[in-house]
Amino acid sequence: MMYLAKPSLWRIVKAQYAFKLKAHIGVFASLVAVNLLGIALSLSFSSQFGISMGQIWLSMRSISNEAVLWVTVLWAFVVAVLLTTKDYSDLDFTFVSNCISHNLSNAVLLITWSIAAGTFAALGAVLLRLVAFFVFPDDAIVAQNVFLAPLELVVGAAVSSMYMLLAGCIGYLGGKLMQAGSLLALLTPLFALAFAMLGGGGEDVLRGVQSITGFIMHETSLLLFVAKSLGTAGLIFGLAFLLSHDTEVKRQ
Amino acid sequence: MKAIECIGLNKVYGENVAVDSLSLVVEHNKMTGIIGPNGAGKTTLLKLIAGFLKATAGEMRVFGEAPFNNLRVSANAIFIDDRMVFPSSLCLDDICRMAARVYANWDHKLARGLLDYFALNPKLCHAHLSRGQKSTVNAILGLAAHCPLTIFDEPTLGMDVGVRRDFYRALLKDYMQHPRSILFSSHMLLEVEDILEDIVLLKDGYKVLHLPLPQLTEYAVGLAGNSDALCALTENREVLHTRQISSCFSYVVIKNDLKRGDLQQAQLSGVDITAVPAADLCVYLTEQRKGGIDDVFSQTKSVANR
Amino acid sequence: MRLDADTMKPIYLQIAEWLETQILSGKIACDEKVFSQYQLAEMFNINPATAAKGLSILADKGILYKKRGLGMFASPDAKAQILDQRKGEKLKHLVLELVLEAGRLGIAEAELTEMMRQANEELKGEVQS
Amino acid sequence: MIVLWLLGLAWFGLTVYAVGKLGVSVTRQHLQWLLIGHLITLLVSPFALHLLPTERFAPIVDAATLSDARVANRELLQSALRGRPSSVTGVHRTREWRFPMSGLALTVIGAVPQLPVVIEHKTGRDGIVEVALYRTPSIQDMVDISRQIPLPVELSFSVNALTVVQPVARGAHFLRFSPDAPAQALLLALEPQGVLPSVSLRGAQVLYIRIPANVEIKDPDPSLLFVDREGP
């Protein structure tokens, strides 16, 4: 008689993670595309102002890598939502899985993707500078913020990764909400809005949102920042997990 | 040991009752066919067993544990159907390697051998396969996983006759070498009845019967002969199926509780007694339609004559 | 080797009959081991449980006997038993047909026995001459 | 630049067309190479940045340089008039011309506003007119933009006449990068790095002409200035 296998959760999570990482290589490819898109956007939406110095016209073009960052944040959100859709979600259940291993491997996957995206976004800022050199061959380059210090790069990558992780967790929660039932997904923002209306107008809510983002964004210690963002991300992800714990696998 | 045990199992989707207070016990290491017409609840039952779905009511145990959301049951069961999701970017080899990582009994040699036999290049993408090839690959995964509980839900959709025959034989041989619990759902009983041991017949979400196949072939008898003689014979008996062949000649299927004397009587009154093939019997037992398809034509004829 | 799918006979009966024919034709000798349920399942592409049922029918009739741990063997009198059984079945069936036909033709029982006696004598005569 | 964009767009369109029409299947290998290629590009770019030609950089000036430049700006003309145009720190001699001349009278034509012309008599009689353009740094928002906006002054010399050609109005384009936004949020707190003070300092220029001792300026233009030698 065949013996019954005693699976270890960790082994299954590892296998699922490795499988999905490999299977969703397209996600990484899209990250490359998004990175390039962000660079292109940064170049085309550079702000410009001019001053005249007698006979000479001075024009100053400012290029910021914020577009790279925000496009990547959007990417992290979309990818996380995508991860909750049936085709991606049911992949685990083709073979051995339960909700815990499914969500855990997704969490590890999101972390991996966030770190990759954060690193890409931070290094994208450098590539942006390099590309700008060639795209604007007639422009003189102001020798400020051209070279990013290694520390600046590392901190930039770490902070960006945390933004990506937060966006990813929010996307994951949203996706799971949508999967759990379209009604709930529809009602949640409505409830939030109604609550905002009744609870003293939108300004309070805005202030609330600001205090939450400020809680994370206006942190001066890298360690504290990482701890705060990880905590928040974990909270959001935990909510998504609780929400999807009883979901059935439809596979159709 | 019991592979599957369910008591008063219910599964309701909104208004639709897919599984209706079903009780079933499947012993371990049996090859069981889950048979029933479309919409009988076969797939729902199998998904409940695989732990994909949560029962609305009732109890369900697979290897002694509740299967829903259970990693232990999942690791010991594989569910094969034509809607299996695979990443489009991975080749068959990658998929096999993943299966090898999560299934303790995975037989890589068998998987490779079968892929080779069916001329499926391991470097091929799952997404680029035809429907029949996909079904073949899924079936190969189901065989090679050597799961203590192997569930095939209509695994042969899209396969051509030759491949189907090979698959049935491969299933049988593998089953004999590695006995395990196999559930096989199909609406084409005729092809698979030989390799099955037990049959569970479903209709509208409830269990019509659960019998070993030899008993199923003795479950009913077909009587063909003069309608009057048949009437006498079928009195006080459970009639499963009637077909009027001509004005005074008909074919009746009744539950087989005939005594020796009854047989004699039948023979004397010129009634032919035949066995009923299992596939036909299953159709008769799950018929939702009143009468037969012939009645539709006789009715339209009588309307036209009027 | 294939089983006749068209016949209404259940497979396990076909298996039993096939084994009987093998014994009758001498392919399986007395006290020789017969095919196991797994060999039969392989040969006929059927579930081993079904094959086992075919074997157990023969065992019940005494045509096969079981040696613990070794498998099923043909009984010493297997051949004779099968012959007996087939004779009995076939003749009984023919006689029933005969009686039914005689009834339809309105032939009395005495007349029928007379006809059988005559036929028997004629046959004897032919054999002698 | 537009051409570059159009080329990029055309390339993108072609790729999409090729993948769609020719059924070129994008396999995992392709994606892997794309990923690896991009990653290498990203990792190499910080080093590649250091290989770029430094001529295109406009340096940032510090407070000391700025105050030097302010002083130089103010004092260039004065020191030029005293015969020492390069004595002030921060003054650069950007262009030089040397013209041999035969006569004894030189005509200087075309006074340009904002470009004082200072003439000095040399002690020797070598028959050579030396012209030099002196300037102090131009600074905009602490960026030294002098190199990028050389004064487009041209001189032509014919038949003992020196013509100063009016500078053509032209523009200078600058590119500046904002600091890395996410890193900034944290690093700003570590080392305060305020926005650069918005200073606009237009560099002063002087065209300094040295003529042989025996040469006279013909028809002196009232705007021409002569070196006022104090002492020997």
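Provide a single number: the residues in segment B:49-65 that are in contact (Cβ under 8 Å) with a residue 40 or more places away in the chain and either among the charged types (D, E, K, R) or under 18 Å from B:ASP81 (Cβ atoms) (or both).
Count: 6.
Listed residues A:ILE63, A:ILE12; which is under 30 Å from D:ALA181 (Cα atoms) and within 9 Å of another protein chain (Cβ to nearest Cβ)?
Selected residue: A:ILE63, the only one of A:ILE63, A:ILE12 that is under 30 Å from D:ALA181 (Cα atoms) and within 9 Å of another protein chain (Cβ to nearest Cβ).
Take the residues in segment A:42-57 that are closer than 30 Å to D:LEU6 by Cβ and surrounded by fewer than 16 Cβ atoms within 10 Å (Cβ to Cβ); name whichever of them is farthest from the other protein chains (Cβ to nearest Cβ).
For segment A:42-57, the residue satisfying everything is A:PHE45.
Can you confirm whether A:LYS22 is at pLDDT below 90, assigned to a helix (DSSP H, G or I) and more than 19 Å from the chain's Cα centre (by Cα)?
Yes; evaluated as a whole, the condition is true for this residue.
Taking the condition farther than 30 Å from B:GLY14 by Cβ, at pLDDT 85 or above, within 10 Å of chain D (Cβ to nearest Cβ) and open to solvent by less than 40 Å² (accessible area, probe 1.4 Å), does A:VAL131 pass?
Considered against the rule, which asks whether it is farther than 30 Å from B:GLY14 by Cβ, at pLDDT 85 or above, within 10 Å of chain D (Cβ to nearest Cβ) and open to solvent by less than 40 Å² (accessible area, probe 1.4 Å), A:VAL131 comes out as no.
Those residues that are part of a helix (DSSP H, G or I) and facing chain D (nearest Cβ under 7 Å), I need them from segment A:134-144; list them, please.
Correct list: A:VAL135 only.
Listed here are the residues, each with its yes/no results for (1) assigned to a strand (DSSP E or B); (2) charged (D, E, K, R); (3) modelled with pLDDT of 85 or more.
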| residue | (1), (2), (3) |
| --- | --- |
| D:VAL118 | yes, no, yes |
| D:THR123 | no, no, no |
| D:ARG147 | no, yes, no |
| D:LEU151 | no, no, no |
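Those residues that are within 16 Å of A:SER114 (Cα to Cα) and within 14 Å of chain B (Cβ to nearest Cβ), I need them from segment A:23-41; list them, please.
Result: A:HIS24, A:ILE25, A:GLY26, A:VAL27, A:PHE28, A:ALA29, A:SER30.
For residues that are among the polar types (S, T, N, Q) and over 14 Å from B:ALA266 (Cβ atoms), scanning just segment B:228-242, find the one that is nearest to the chain's Cα centre (by Cα).
B:THR242
Listed residues A:LEU173, A:LEU165; which is open to solvent by less than 30 Å² (accessible area, probe 1.4 Å), under 26 Å from A:ALA122 (Cβ atoms) and modelled with pLDDT of 85 or more?
Testing whether each residue is open to solvent by less than 30 Å² (accessible area, probe 1.4 Å), under 26 Å from A:ALA122 (Cβ atoms) and modelled with pLDDT of 85 or more leaves just A:LEU165.
Quick grid of which residues meet (1) part of a helix (DSSP H, G or I); (2) in contact with a Pro (Cβ under 7 Å, 6 or more places away or on another chain); (3) closer than 30 Å to B:LEU183 by Cβ:
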position: C:TYR38; (1), (2), (3): yes, yes, yes
position: C:ILE46; (1), (2), (3): no, no, yes
position: C:ILE82; (1), (2), (3): yes, no, no
position: C:ALA110; (1), (2), (3): yes, no, no
position: C:GLN118; (1), (2), (3): yes, no, no
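Taking segment A:79-119 as the region of interest, how many residues are touching a residue at least 60 places away in the same chain (Cβ under 8 Å) and outside any loop (DSSP other than H, G, I, E, B)?
Of the residues in segment A:79-119, 26 are touching a residue at least 60 places away in the same chain (Cβ under 8 Å) and outside any loop (DSSP other than H, G, I, E, B).
Counting just the residues of segment D:185-232 that are assigned to a loop (DSSP other than H, G, I, E, B) and under 15 Å from D:LEU81 (Cβ atoms), which one comes out modelled with the lowest pLDDT?
Filtering segment D:185-232 for residues that are assigned to a loop (DSSP other than H, G, I, E, B) and under 15 Å from D:LEU81 (Cβ atoms), the one modelled with the lowest pLDDT comes out as D:GLY231.
Which of the helices (runs of 4 or more DSSP H) contained wholly in segment B:12-104 include at least 2 residues that are open to solvent by 10 Å² or more (accessible area, probe 1.4 Å) and more than 17 Å from B:PHE152 (Cβ to Cβ)?
Ranges flagged: B:71-75, B:92-102.
Can you give me the ranges of the helices (runs of 4 or more DSSP H) entirely in segment B:151-267 with at least 2 residues that are open to solvent by 60 Å² or more (accessible area, probe 1.4 Å) and basic (Lys, Arg)?
B:161-177
Given the criteria outside any helix (DSSP H, G or I) and over 22 Å from A:ARG129 (Cα atoms), does A:SER52 qualify?
Yes: the conditions hold for A:SER52.
Restricting attention to segment A:76-92, report how many residues are open to solvent by 20 Å² or more (accessible area, probe 1.4 Å) and not charged (D, E, K, R).
Here the count works out to 6.
The values are calculated or read from the model by the stated rules, or taken from the named source; none is laboratory data. Keep in mind that what you see is a predicted model, and the values were worked out from it rather than measured. Don't worry about glycine lacking a Cβ; one is built from the backbone with ideal geometry, like all the others, and counts go over all protein chains shown. Side chains are part of the model used for accessible areas, which takes the heavy atoms of the whole protein and leaves out ligands, DNA and RNA. Shrake-Rupley method; radii C 1.70, N 1.55, O 1.52, S 1.80 Å.
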